[in-house]
Amino acid sequence: MFSRQLVVGALLAGTALSSVAQEKVLNLYSARHYQTDEALYADFTKTTGIKINRIDGDDAGIIARLKSEGASSPADVILLVDAARLWKAQSDGLFQPVKSKVLDERIPANLHSKEGSDGAQWFGFSTRARVIVYNKASVKPEDVDTYESLADPKNKGKLCTRSGSHPYNVSLFGSLLEHNGAAKTEEILKGMVANQARQPVGGDTDQIKAVGSGECGVAISNSYYVARLLRSTKPEDVALMEKVGIVWPNQKSYGAHVNIAGGGVAKHAPHKAEAVQFLEYLASDNAQRYFAEGNNEWPAVKSVKTDNPALLKMGSFKAEVINIGAVGANQQKVLQMLDRVGYK
């Protein structure tokens, strides 16, 4: 009798272990700090049955953790925000290449890392533009309609930005380097420093508020920060956006700088098949609409349309067409320039 109980118990335990072993999971290391992404992850699990175990942190923290964990890292997918950060993770050897027909067909070539024979290491899944905002009462839009114009002496004492070394600005300046060359770009950065209304401080929303208050005449912001304020029903936000105008920069030349949020499969991913499935899901119509409706980003997949009222209100624009990986690769040169011109 005792022996029979042992056999039955062993069989039940084996069945339980088999069930656990068959449970599909995905370990996600994410620097996306947007609460609206919860619906995105829930939809993936509902669609595929794959459970997501998530580690959240800022980009630098995620990269540091992955480097510390090394080959024992449980990470399957890494999501980062900004081309400079994705390039840094690639340089640190944190991704592995992925060859996917779905991703190749849906994600434009300029929005992922350079593809080798074994695939690309990371992909952009949503885009955001670096726009210029200005005070309608004190600044003419034609005086600030290019990034280069922010260095023009006519805008002396008017410019506000977040830290020059913040990745959003490093990527913008890396884009200027691609378009203008090193000498001209350093001259632009020097002019921007000379035109500052105050030392760089705060985030993009702080710059928009400073423009609205009149502390600054003009500032630079990621487009989704502008869209958030346009969608807000708070009286103070409505009043703010009545004072602030928006310029799509460089529409007569190379177009507005566009950055990405994206990700790839971790170097030592224990669940590579599920990781690739998740990346392909992020390129699906459903997920792409989540990016647009939830966080006011544009879909990377060009065929996906959005009904986001703020994005529609901001209108269409000409975007630059350069490889976003090259922009990220320029960050070291940009940081050296920032040091030389004293851009804090």
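The values are calculated or read from the model by the stated rules, or taken from the named source; none is laboratory data. Not measured: the values here are computed from a predicted model. Reconstructed Cβ throughout: ideal geometry from the backbone, glycine too, with neighbour counts over all protein chains shown. Quick note on the areas: whole protein, heavy atoms, side chains included, nothing else; ligands and nucleic acids left out. Shrake-Rupley method; radii C 1.70, N 1.55, O 1.52, S 1.80 Å.
With Rg and the Kirkwood Rh both taken from Cα atoms, where does Rg over Rh land for region 139-223?
Working: Rg = 12.0 Å, Rh = 12.8 Å.
Using only Cα positions, Rg/Rh for region 139-223 is 0.93.
The eigenvalues of the Cα gyration tensor, multiplied by 5 and square-rooted, give region 232-307 an equivalent ellipsoid with semi-axes of 33, 18, 13 Å from largest to smallest. Grouping the Cα pair distances of region 15-108 into 5 Å bins from zero gives a pair-distance distribution of 3, 11, 18, 21, 21, 17, 7, 3, 1, 0 percent in increasing distance order. Using θ = phi - 60° in the Karplus curve 6.51 cos²θ - 1.76 cosθ + 1.60, the 3J(HN,Hα) couplings for region 294-311 round to x, 10, 6, 9, 8, x, 6, 7, 5, 6, 7, 9, 10, 9, 4, x, 5, 5 Hz; x is entered for Gly and Pro.
Compared with the alpha-carbon gap, the fully stretched path from Ala183 to Ser316 is longer by 44.7 nm at 0.36 nm per residue.
Here the extension length gained between Thr45 and Arg231 equals 64.1 nm, from 0.36 nm per residue of separation less the Cα-Cα distance. The Cα trace of region 85-190 gives Rg and Dmax of 17.9, 54 Å, the first to one decimal, the second as a whole number. Taking label positions 7 Å along the Cα-Cβ direction at both Glu69 and Lys302, the computed distance is 3.6 nm, reported to one decimal.
Find the eigenvalues of the gyration tensor of the Cα atoms of region 125-282, then list the square roots of 5 times those eigenvalues as equivalent ellipsoid semi-axes, largest first, in whole angstrom. The partial results should precede the final answer.
On the way: eigenvalues 190, 88, 35 Å².
Semi-axes (√(5λ), whole Å): 31, 21, 13.
In percent, what relative contact order does region 153-298 have, based on Cα pairs under 8 Å that are 6 or more apart in sequence?
Details: 127 pairs, mean separation 33.0, N = 146.
Here the relative contact order equals 23 percent.
Can you compute the FRET efficiency between Lys101 and Ser213 using 1/(1 + (r/R0)^6), with r the Cβ-Cβ distance and R0 = 56 Å? Round to the nearest 0.05. With R0 = 56 Å, the Cβ-Cβ based efficiency is 0.65.
Each listed q (0.10, 0.11 Å⁻¹) maps to a log10 I(q)/I(0) for the chain from the Debye sum over equal C-alpha point scatterers, namely -0.62, -0.74.
If you roll a 1.4 Å probe over the heavy atoms of the protein chains, what accessible area per residue do you get for the chain, in Å²? Dividing the accessible area of the chain by its residue count gives 45 Å².
Could you tell me the calculated FRET efficiency between Gln199 and Glu38, based on Cβ-Cβ distance and R0 = 30 angstrom, to the nearest 0.05? Calculated transfer efficiency: 0.25. Using a probe radius of 1.4 angstrom, the carbon and sulfur fraction of the accessible surface of the chain is 54%. Could you sort out which of Lys136/Lys156; Lys140/Lys305; Lys184/Lys209; Lys154/Lys184 sit more than 23 Å apart by Cα distance in this structure? As for pairs spanning more than 23 Å Cα to Cα, those are Lys140/Lys305; Lys184/Lys209. Note that region 284-344 carries a Kirkwood radius of 14.3 Å, evaluated over its alpha carbons pair by pair. Hydrodynamic estimate: the Kirkwood radius of region 177-218 over Cα pairs, inserted into Stokes-Einstein at 4 °C and 1.567 mPa s, corresponds to D of 111 µm²/s. For region 179-308, the Cβ-based charge dipole about the Cα centre amounts to some 220 debye (Lys, Arg positive; Asp, Glu negative; other atoms uncharged).
Could you work out how much longer the chain between Lys114 and Lys190 gets when fully extended? Use 0.36 nm per residue separation minus the Cα distance between them, nm to one decimal.
Numbers: separation 76, 0.36 × 76 = 27.36 nm, distance 3.15 nm.
Difference between extended and current length: 24.2 nm.
Under the Kirkwood approximation applied to all pairs of distinct alpha-carbon atoms, what is the hydrodynamic radius of region 208-344 in Å? Write down the numbers at each step before the final one.
On the way: mean 1/r = 0.0559 Å⁻¹.
Mean inverse Cα-Cα distance, inverted, gives 17.9 Å.
Dipole magnitude for region 176-242: about 60 debye, using +1 per Lys or Arg Cβ and -1 per Asp or Glu Cβ, origin at the Cα centre.
Considering only Gly342, Pro270, Pro309, the residue lying farthest towards the positive end of the dipole of region 200-344 is Gly342, judged by Cα position with unit charges set on Cβ.
To the nearest 20 Debye, how big is the dipole of the chain about its Cα centre, given +1 on the beta carbon of each Lys and Arg and -1 on that of each Asp and Glu? Walk me through the numbers before you get to the answer.
On the way: 41 positive and 37 negative charges, 45 e Å.
Taking the Cα centre of the chain as origin, the dipole is about 220 debye.
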